[in-house]
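The values are calculated or read from the model by the stated rules, or taken from the named source; none is laboratory data. Please read these numbers as outputs of a predicted model, since none were measured by experiment. Neighbour counts run over all protein chains shown; Cβ positions are idealised from the backbone, glycine included.
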Amino acid sequence: MTVLDDNPGAPKHNTLRCNVICRCKPMWLAKEVAEYGTVAANLTLDNDTECVDAPQGDFRLRSDSSVYRKLPQFRPIPSDAIGLQVDEYRRRK
């Protein structure tokens with residue numbers, strides 16, 4: 001059996017876990033996402049006061065953020081290593 005034989009349009013085997021959504025509407029997911037995959041332990045914050053400096057674009061979580069208590073398995077992403085990077089083609093962010 002190949003992936004093309006296994007209902008390729010269905011969102012199978014995807015995992016959405018330990019995400020923090022800040023000042024956004026709740027995630028809207030097709031019912032098939034939870035039916036065929038895993039959606040668990042996601043947290044929505046109503047404000048950005050848990051961030052280091054959101055008005056200046058620093059959305060890293062503060063070390064005392066309640067997220068670490070509410071989602072103990074949460075691990076911060078290396079935000080300084082994602083997005084636009086300065087290199088020979090891009091001289092500034």
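Among the candidates ARG62, ARG23, the residue that is over 16 Å from the mean Cα position of the chain (by Cα) and over 30 Å from ALA10 (Cβ atoms) is uniquely ARG62. The set of residues from the stretch 30-48 being surrounded by 14 or more Cβ atoms within 10 Å (Cβ to Cβ), touching a residue at least 12 places away in the same chain (Cβ under 8 Å) and hydrophobic (A, V, I, L, M, F, W, C) comprises VAL33, VAL39, ALA41, LEU43, LEU45. Mind checking whether some residue in the stretch 71-82 is hydrophobic (A, V, I, L, M, F, W, C) and in contact (Cβ under 8 Å) with a residue 12 or more places away in the chain? For the stretch 71-82, residues hydrophobic (A, V, I, L, M, F, W, C) and in contact (Cβ under 8 Å) with a residue 12 or more places away in the chain: present. I want to confirm something. Restricting to the stretch 66-81 and keeping residues that are among the hydrophobic types (A, V, I, L, M, F, W, C) and either more than 11 Å from CYS18 (Cα to Cα) or part of a loop (DSSP other than H, G, I, E, B) (or both), which single residue is modelled with the lowest pLDDT? Only one residue fits best here, namely ALA81. Here is a check on your reading of the model: is TYR68 aromatic (Phe, Trp, Tyr) and exposed (fewer than 11 other Cβ atoms within 10 Å of the Cβ)? So TYR68 does not fit the description; no.
Check the stretch 1-9 and report whether any residue there is aliphatic (A, V, I, L, M) and either surrounded by 11 or more Cβ atoms within 10 Å (Cβ to Cβ) or in contact with a helix residue (DSSP H, G or I) (Cβ under 6 Å, 6 or more places away or on another chain) (or both). Can you show your working first?
To start, the set of residues in the stretch 1-9 that are aliphatic (A, V, I, L, M) comprises 1, 3-4.
Those left that are additionally either surrounded by 11 or more Cβ atoms within 10 Å (Cβ to Cβ) or in contact with a helix residue (DSSP H, G or I) (Cβ under 6 Å, 6 or more places away or on another chain) (or both): none.
So far as the stretch 1-9 goes, no, none of its residues is aliphatic (A, V, I, L, M) and either surrounded by 11 or more Cβ atoms within 10 Å (Cβ to Cβ) or in contact with a helix residue (DSSP H, G or I) (Cβ under 6 Å, 6 or more places away or on another chain) (or both).
To keep it simple, each residue is scored yes or no on (1) assigned to a helix (DSSP H, G or I); (2) hydrophobic (A, V, I, L, M, F, W, C); (3) under 25 Å from LEU84 (Cβ atoms).
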{"site": "LEU4", "(1), (2), (3)": "yes, yes, no"}
{"site": "LYS12", "(1), (2), (3)": "no, no, no"}
{"site": "THR44", "(1), (2), (3)": "no, no, no"}
{"site": "PRO55", "(1), (2), (3)": "yes, no, yes"}
{"site": "ASP64", "(1), (2), (3)": "no, no, no"}
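Look at GLU88 and say whether it is loosely packed, with under 12 Cβ neighbours inside 10 Å, charged (D, E, K, R) and not in a strand (DSSP E or B). It is true that GLU88 is loosely packed, with under 12 Cβ neighbours inside 10 Å, charged (D, E, K, R) and not in a strand (DSSP E or B).
When you scan the stretch 10-28, how many residues do you find that are at pLDDT 90 or above, surrounded by 13 or more Cβ atoms within 10 Å (Cβ to Cβ) and closer than 27 Å to GLY57 by Cβ? Result for the stretch 10-28: 5.
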